[in-house]
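Below is one structure; the comments refer to it alone.
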Protein chains: 2
Amino acid sequence: MGVPPVVPRCAVWRRWAPLGWLTGCHRSASAQQGGTNAPGVLRQRELPRSAAPRPCGWRPRSRRALHAAAPSWQEVMLTSERYGVRRLPFSRVSDGDVAFFERIMPGRVITNAEELKPFNVDWLKSVRGCSKLMLKPQTTAEVSQVLRYCYERNLAVNPQGGNTGLAGGSVPVFDEIILSTVLMNRITSFDKVSGILVCQAGCILEKLSEYLEEQGFIMPLDLGAKGSCHIGGNVATNAGGLRLLRYGSLRGTVLGLEVVLADGSALDCLASLRKDNTGYDLKQLFIGSEGTLGVITAVSILCPQKPKAVNLAFLGCQSFAKVLETFTTCRAMLGEILSAYEFMDEKCMELVERHLKLSSPVTDSPFYVLIETSGSNSTHDEEKLNNFLEQAMASGLVTDGTVATDEKKIKTLWSLRERITEALTHDGYVYKYDISLPVGKLYDLVTDTRARLGPSAKNVMGYGHLGDGNLHLNITAESYSHSLLDAIEPFVYEWTARYNGSISAEHGLGFKKKQFIQYSKSKEAILLMQHFKAMLDPKGILNPYKMLPSSS
Amino acid sequence: MGVPPVVPRCAVWRRWAPLGWLTGCHRSASAQQGGTNAPGVLRQRELPRSAAPRPCGWRPRSRRALHAAAPSWQEVMLTSERYGVRRLPFSRVSDGDVAFFERIMPGRVITNAEELKPFNVDWLKSVRGCSKLMLKPQTTAEVSQVLRYCYERNLAVNPQGGNTGLAGGSVPVFDEIILSTVLMNRITSFDKVSGILVCQAGCILEKLSEYLEEQGFIMPLDLGAKGSCHIGGNVATNAGGLRLLRYGSLRGTVLGLEVVLADGSALDCLASLRKDNTGYDLKQLFIGSEGTLGVITAVSILCPQKPKAVNLAFLGCQSFAKVLETFTTCRAMLGEILSAYEFMDEKCMELVERHLKLSSPVTDSPFYVLIETSGSNSTHDEEKLNNFLEQAMASGLVTDGTVATDEKKIKTLWSLRERITEALTHDGYVYKYDISLPVGKLYDLVTDTRARLGPSAKNVMGYGHLGDGNLHLNITAESYSHSLLDAIEPFVYEWTARYNGSISAEHGLGFKKKQFIQYSKSKEAILLMQHFKAMLDPKGILNPYKMLPSSS
């Protein structure tokens, strides 16, 4: 298990009583880790920095080994070749088209092949298109002009925000025009009384967070990709992230949208009201539509107060049943201050320790739990947390643990959870699944997958946002193999479907998972989605080849 | 001002320090009010018991005086006559149709005219249809059978829950078949770990609340009509209510729906997952669609823990600017425990005291504020509340106030706010408006309306859910008059539109406000809504004459 535990394992509840003592643990833990807890780690939750690209989605035509280090853009196989996709009969961009766009947005039309490269490849370097044109509008009117023109010319368009998507939805499959929101980064207004922010779609999430924090507010969502992702892209993919347990999904916090439809018409649903029952809530259709129904150009969003106190407890549990019981207990006792309940199994801890040389102050448990509280009064919050911890220890729900109250130590403990994805990439080829399940069933999928695969897998492990019912199931092997993939899929999808789970909890379907939608949605629902798509984008020019299986 | 104040007005902040003393205030207040605080008052927030029906919406053809006491069903003018509506060319129910329905749901087919009466008239007794047939399905399959038949036969259908709607959306306009969810009242499941409840659409909100409270949970919404309204109807109208400030809207808490479409096909979106990004979120289209796109037959909803401590503060402010500043201060200091922030002006207090003989322990202020906290630790919550109150008094934001911590006293103070609607009905004919506005503009509408109307109105007053930006603007007069109505409308709608507000914050458009939708929604948005309606219900049989203006 690598580095020995900093804090000797000890099951007496009294250990929890003096919070100062517990905080003391962390100083040691932090000191032992030294420089390994690199700055920026908190920014990279869920996003493997050097993850090998994995052709999840339907089977790639060419099944070459994919367990090597992430290839550069040049090395990424074209999506169309790897997956055997046929180009739809859209027009091809002509010199006349480029000249038109140059006229309406001079200097913001990119045709240089080198410049275009990073926008043709996804962050995971797993899919690649060959767009020859990127446009950078600054206003909704310009987006309208572009789409009106493209619609008339039958030119396909790939809306792109920060290009941080994990399902291959943010880059072209062929030569779609990349319509980037990178220059649409103005904050329109912020009302400190209502907490409502209105901004353009291209604002970077982290910039918005910084802006709000100066005024005592926070964004209702926080993501690993916050340093790059655009709020418009977050809304378009209905991003989940780290604050969902506390502040709910974007479907509740997004109050208004401005959207440009495929034919170029602008739809103004940019209300800044908490309540509005005048007609169908059209904006909901665009939240999570992954750019296939319209291009989001502006967002109105409700922002919570910045919490004054944040605490974190990192605990060891002897079974998954106890992880669940600890969750119900802490939810009851921490109530309104609970802001995260994450779990990881011992395999995850083993890999984090082995590959990243992190050391945990809590060791030798089959399961680990990370509990975060956010509140308005540090004394009250610490007292609540201590009461809960005393009870959890006394009743044997948890057998070991530690608590942090200052930001640095909190980051150190968070890193044990958030660097799992990074650790996995050092373990070999990784088969990744992002699954929603009824919370009681969450870990059974890991157990069943482990039993099914036996020694053919190197490691099978589970971790994730337990409070949201979101499991990250990961399987590692020395290298990619057809037979192992066939043993995993469709087994995992079928298992998930049996318990009415979702095969994509927060990443969306994008390009790579679109053919598996039927595991989570009924035929009738998929048909209705296709009708909506046909109604709003009859020529299918918006983000083609994504999200929905083709109608045929 | 009627009954003298129980607690002498006193602006020194020290008054707030000993919470015991403050609680003492209430015992006096409660004793003075005696039996006037009738049980069930808390259940009747917003719903005037004897409100005169007001033909809001477009102008009624016959403008007779409407300020009399609520008429019985027999006296309510037929909607078609009052508003001059033309019946659309749907088929008429034949004996053969009745026989068919009797075969599929024997004993649950109502054709008796007397029995049908209460289901043809709305709760406000302001609109009346003349349906000759009510069906009471028990299962989704039966709803499917009914709609498939009606769709083929071109028979119009009026889905009905508890018939508590305030916009005339829940009763037929002509002879639409009433499709009642009254017998669809089974709870399917409740998961104590996730807090997710799944139930049929006809479950009464209060019954669900009682069921959940036994298990330590609450419904995420609470309404005046909770004793009658159905959860399916709540979802269909996107009901707001008293818990929205804390738990957010149904768009965030409803996790899944089962819906039967106009042609009888059942759409299963009944997921019980907090996260699911597999395709467009179809259920959102049915939330708030007022039965015009499909019949909701089952609901999956995320329920919060029952708070262990509830506190209430009732305060006096010297200006609306101070009401707003008090809001931002208390939101910052109470943070996660703030569960309601309501306000009322002195006119409201005057009428509550004069007409209902209630007495307030806080008097002589131009504005009153009601602040509720809900949390998991009473000691912490009271300390937070006291800290806030000390600061609010010290900085002159509030000049007087009182606090209650036990349920009975809390109800007594709530009654000052929640019985305003009832008090208004004793003041003459009431012109009622339910408006969303940017919170900073909320009271300007009251001031401007008062200035505009001058002595032609008896009283102009404002109160509402300030925390949600929801104003209840009310104007009373000795009797209904055309000229006063013309002075108010479209002035109020135009004023609201100028500040991008909503002409219906929480009641929906129903039948009575459908022609005013353009004050809150753009032409493009309305057109798109009409396209959705045409796509999902091409024959227009579902709740016709409601929500959307006719396409022509």
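Descriptive notes on the structure:
- Verdict on A:G462 being assigned to a helix (DSSP H, G or I) and closer than 23 Å to A:V369 by Cα: no
- Hits in the stretch B:329-341 (condition: open to solvent by 10 Å² or more (accessible area, probe 1.4 Å) and closer than 17 Å to B:Y463 by Cα): none
Quick grid of which residues meet (1) among the charged types (D, E, K, R); (2) open to solvent by 20 Å² or more (accessible area, probe 1.4 Å); (3) more than 14 Å from every other protein chain (Cβ to nearest Cβ):
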| residue | (1), (2), (3) |
| --- | --- |
| A:L351 | no, no, yes |
| A:N377 | no, yes, no |
| A:K384 | yes, no, no |
| A:N387 | no, yes, no |
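- A:A271 vs. criteria modelled with pLDDT under 95 and closer than 30 Å to A:K539 by Cβ: yes
- Residue check: B:M105 meets all listed conditions (1) within 17 Å of B:V182 (Cα to Cα); (2) out of contact with any Pro (no Cβ under 7 Å at 6 or more places or on another chain); (3) crowded, with 16+ Cβ neighbours inside 10 Å but one, namely (2).
- If you go through the stretch A:86-122 and keep only what is in contact with a Lys or Arg (Cβ under 9 Å, 6 or more places away or on another chain), of a type in the set (A, V, I, L, M) and either part of a loop (DSSP other than H, G, I, E, B) or not assigned by TED's automatic domain parsing to the domain that holds A:G168 (or both), you end up with A:V93, A:M105.
- Candidate set from the stretch B:400-444 (those that are within 14 Å of chain A (Cβ to nearest Cβ), modelled with pLDDT of 90 or more and in a helix (DSSP H, G or I)); member that is nearest to B:A309 (Cα to Cα): B:K441
- Residue that is nearest to the other protein chains (Cβ to nearest Cβ) [pool: residues in the stretch A:535-552 that are free of Cβ contacts under 8 Å to residues at least 40 places away in the same chain and part of a loop (DSSP other than H, G, I, E, B)]: A:P549
- Of all residues in the stretch B:256-265, those satisfying the criterion of being crowded, with 24+ Cβ neighbours inside 10 Å and either more than 30 Å from B:L155 (Cα to Cα) or in contact with a Gly (Cβ under 8 Å, 6 or more places away or on another chain) (or both) are B:V259, B:V260.
- Among the residues making up the stretch A:216-249, a single one is charged (D, E, K, R) and more than 12 Å from the chain's Cα centre (by Cα): A:R246.
- Scanning the stretch A:451-473 turns up at least one residue that is within 14 Å of chain B (Cβ to nearest Cβ), farther than 21 Å from A:E336 by Cα, touching a Gly at 6+ places or on another chain (Cβ under 9 Å) and open to solvent by less than 30 Å² (accessible area, probe 1.4 Å).
- Only one of the numbered conditions (1) open to solvent by less than 30 Å² (accessible area, probe 1.4 Å); (2) in a strand (DSSP E or B) is violated by B:S189, and that is (1).
- Checking the stated criteria, B:L197 turns out not to satisfy the condition of being open to solvent by less than 20 Å² (accessible area, probe 1.4 Å), touching an Asp or Glu at 6+ places or on another chain (Cβ under 6 Å) and of a type outside the set (V, I, T).
- Subset of the stretch B:474-513 that is among the basic types (K, R) and buried (at least 24 other Cβ atoms within 10 Å of the Cβ) - its residue that is farthest from the other protein chains (Cβ to nearest Cβ): B:K512
- For the stretch B:399-426, a residue qualifies if it is open to solvent by less than 10 Å² (accessible area, probe 1.4 Å) and more than 29 Å from the chain's Cα centre (by Cα), and exactly one does: B:D400.
- Residue in the stretch A:173-191 that is among the acidic types (D, E) and within 14 Å of chain B (Cβ to nearest Cβ) present: yes
- Across the stretch B:284-325, the number of residues qualifying as more than 11 Å from chain A (Cβ to nearest Cβ) and at pLDDT 95 or above comes to 19.
- If you go through the stretch A:226-282 and pick out every residue that is within 7 Å of chain B (Cβ to nearest Cβ), closer than 30 Å to B:G165 by Cα and touching a residue at least 60 places away in the same chain (Cβ under 8 Å), you end up with 2.
- Restricting B:F516, B:F532 to those that are facing another protein chain (nearest Cβ under 10 Å), closer than 20 Å to A:N277 by Cβ and either at pLDDT 95 or above or open to solvent by less than 10 Å² (accessible area, probe 1.4 Å) (or both) reduces the list to B:F532.
The values are calculated or read from the model by the stated rules, or taken from the named source; none is laboratory data. Please read these numbers as outputs of a predicted model, since none were measured by experiment. Cβ: placed from backbone, ideal geometry, glycine included. Neighbour counts: every protein chain shown. These area figures cover heavy atoms from the full protein model, side chains too; ligands, DNA and RNA do not enter into them. Shrake-Rupley method; radii C 1.70, N 1.55, O 1.52, S 1.80 Å.
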